[in-house]
Structure formats: structure tokens, C-alpha cells
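The structure appears below as C-alpha cells.
The values are calculated or read from the model by the stated rules, or taken from the named source; none is laboratory data. Note that this is a predicted model, so its numbers are computed, not measured. Heads up, the Cβs are rebuilt from the backbone with ideal geometry, glycines too, and the neighbour counts pull from every protein chain shown.
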Amino acid sequence: MVTAANLTGTESIVVRGVRVHNLKNINFEIPHSALTIVTAAMRGEIACAAAGAPYLCGFMDAASLTHSYPYQEINDYLRLHPDREEQVRRTVAYFDGINFAPTIRCPIIGSFRRVL
């Protein structure tokens, strides 16, 4: 369900009250640029896509380059748990838009640092 509070926003889609498997009432926000990358990767019928500056791509690179959130949350966590860095890398890689890129089959326009 898209929240009414975000129906006029253009930066993201907010989803609330998701129930799947053993998860209940999960709320999350999907930036449009991240949604573009994932949708282009997951749906073969997409003819072309435009992502601007993809958000939620290159988590660990972004965490080392910026002090803004949500990436700073990774740094905050690793300061408390430096021994878990490899586990964090594996976990964020699962959600990282960069890892969806190899499955994109349509032309995609964006301001990327890496060619998709």
C-alpha cells in the first residue's frame, strides 16, 4: 500500500504494513532510482529505463565516501561491531542495486560511475 502522505512526492514510494512469511507490519521506503534498477533487472518485458543517479547502489563504496544517512548507518554499526564487517558486506550485497545490473537486458539511461 502506498501511503497517502507520499502520493505527492516524487523521490520515493513508501510501503507500509507489509506481511510476508513470518514478517508482519514491515514499513519501508523505495527511492525511485533504486526501484528502476531492480525493476529493469527483474522484468524482462521492460523496454528501457531511466534512473538518474541510482540510489542504494554500491552500499559499501557509498559508506566510505559519504557521512549521510542511510549509508552512515553502516559506518555506525561497524564502529560498534568491527568484527562483523564481512557479514555486513554479504548482507548489503544481497540488496545492492549494483548486483542486479548484470541481469538488466534493456537500455538504461542514468548518471552512473560504472557502465551498466
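A few remarks follow.
- For the range 49-72, the tally of residues that are within 14 Å of the chain's Cα centre (by Cα) and outside any loop (DSSP other than H, G, I, E, B) stands at 8.
- Set ALA50, ALA34: member being at pLDDT 80 or above and either surrounded by 12 or more Cβ atoms within 10 Å (Cβ to Cβ) or not β-branched (Val, Ile, Thr) (or both): ALA50
- Of all residues in the range 68-108 being hydrophobic (A, V, I, L, M, F, W, C) and in contact with a Gly (Cβ under 9 Å, 6 or more places away or on another chain), the one that is farthest from ALA41 (Cα to Cα): ILE98
- Whichever residue in the range 92-112 is hydrophobic (A, V, I, L, M, F, W, C) and part of a helix (DSSP H, G or I) and, among such residues, is modelled with the lowest pLDDT: PHE95
- Test: LEU78 is within 21 Å of GLY110 (Cα to Cα) and either assigned to a loop (DSSP other than H, G, I, E, B) or modelled with pLDDT of 70 or more (or both): no
- Of the criteria (1) modelled with pLDDT of 85 or more; (2) in a helix (DSSP H, G or I); (3) not acidic (Asp, Glu), which one GLY44 fails: (2)
- Inter-residue pairs, beta-carbon under 6 Å, first on the phi < 0 side of the Ramachandran plot and of a type in the set (Gly, Ala, Ser) and in the range 73-97, second part of a helix (DSSP H, G or I) and surrounded by 13 or more Cβ atoms within 10 Å (Cβ to Cβ), 6+ apart: ALA93/ASN99; GLY97/ALA34; GLY97/ILE37
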